[in-house]
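Let me begin by presenting the structure, written as structure tokens, before commenting on it.
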Amino acid sequence: GAEAIHPGYGFLAENAGFADACDAAGLRFIGPAASSIRDMGDKHRARTIALAAGVPVAPGSDKLKGDEIDKIEAAAQQIGFPLLLKAAAGGGGIGLRPVEAPADLLSSVEATSRMAERAFGDGSVYLERLIRVARHIEVQVFGFGDGDAVHLFDRECSLQRRYQKILEEARAPEVNESSRVEMARTAVALASTSKYRGAGTVEFLYDDE
């Protein structure tokens, strides 16, 4: 019989419950540990781990419930407008919404929270400073689950439609070499700090400044 399961890519590969079920059934889940999936799938938890690893992050909020209006408004004022509203759980650009002004905040929170609840079973939201002009560059990492990790270089992923990548180019062109080295270093630091196992991607927003 089968001894291992490879989940492919997409939501099943990011499902900690499925990884737990494989372990409980005595099957090897070919991918990250369930704890890593939970850590990296929660944006606030991932942010905390990234900061501990020395990875630069954009100013952002705590994880907030969609009905915590006072806390959401206070966080928005602290971060400043325009800002980016995200579902705290999940990924794939689901629930990602720019908010240009305070008057747009509450309706945007309601829409994002509702969408996140449907998609991920968690309506919590997260606020982050909007960086208008930046490239999307990713660094591929591979971790061994024991704190050791390597990087497999970078790629340009800026050509997107509705926050979904259309084309990737490796290596990313026109990147300052010192920045390229630093992105690789911090990507490996994040994978090492989280004791990540398997292949993963660390995403960066990059501008010429």
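Every read-out reported here was derived from the displayed coordinates using simple, explicitly stated rules and does not represent laboratory data. Just so we're clear, the structure is a prediction, and the values are computed from it rather than from any experiment. Virtual Cβ from ideal backbone geometry, glycine too; neighbours counted across all protein chains shown.
Based on the Cβ-Cβ distance from T201 to E117, what FRET efficiency comes out when R0 is 35 Å, to the nearest 0.05?
0.85
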Report summary line: Simple spin-label estimate for A134/E169, 7 Å along Cα→Cβ, in nm, reads 2.1 nm
Report summary line: Taking a ≥ b ≥ c as the square roots of the Cα gyration tensor eigenvalues, with a/c under 1.5 meaning rounded and otherwise prolate when a/b beats b/c or oblate if not, the range 1-108 comes out prolate
Requested in this report: Just tell me which lysines come within less than 24 Å, Cα to Cα, of K63; anything on the same chain fewer than 8 places away is out.
Outcome: K43, K71, K86, K195
Query raised in the report: Along the Cα-to-Cβ line of L51, 7 Å from the Cα, sits a label point; which residues in the range 69-91 have backbone N less than 16 Å from it?
Result: 75-76, 78-80
Requested in this report: Taking every pair of alpha-carbon atoms in the chain, give the share separated by more than 22 Å as a whole percent.
Outcome: 54 percent
Query raised in the report: Gap in Å between the Cα centre of the range 26-78 and the Cα centre of the range 192-206?
Result: 14 Å
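Under the rule a/c < 1.5 gives rounded, and otherwise a/b versus b/c splits prolate from oblate, where does the range 69-129 land using the Cα gyration tensor? Could you put the intermediate results ahead of the total?
Details: a/c = 1.94, a/b = 1.73, b/c = 1.12.
Prolate, since a/c reaches 1.5 and a/b exceeds b/c.
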Report summary line: In nanometres, the difference between 0.36 nm per residue of separation and the alpha-carbon distance of D146 and A24 is 41.8 nm
Query raised in the report: Does the range 147-199 come out rounded, prolate or oblate, given a ≥ b ≥ c as the square roots of the eigenvalues of its C-alpha gyration tensor, rounded meaning a/c under 1.5 and, failing that, prolate meaning a/b above b/c?
Result: oblate
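Quick one: which of 114-120, 86-92 comes out on top by average Cβ neighbours within 10 Å, and what's the full order, highest first? Please report the intermediate quantities before stating the final value.
Values: 114-120: 16.6, 86-92: 21.7.
Output ranking for 114-120, 86-92: 86-92, 114-120.
If you place +1 on the Cβ of every Lys and Arg and -1 on the Cβ of every Asp and Glu, how big does the dipole about the Cα centre of the chain come out, in debye to the nearest 20? List each step's numbers first, then the result.
Working: 24 positive and 31 negative charges, 51 e Å.
Dipole of the chain, to the nearest 20 debye: 240 debye.
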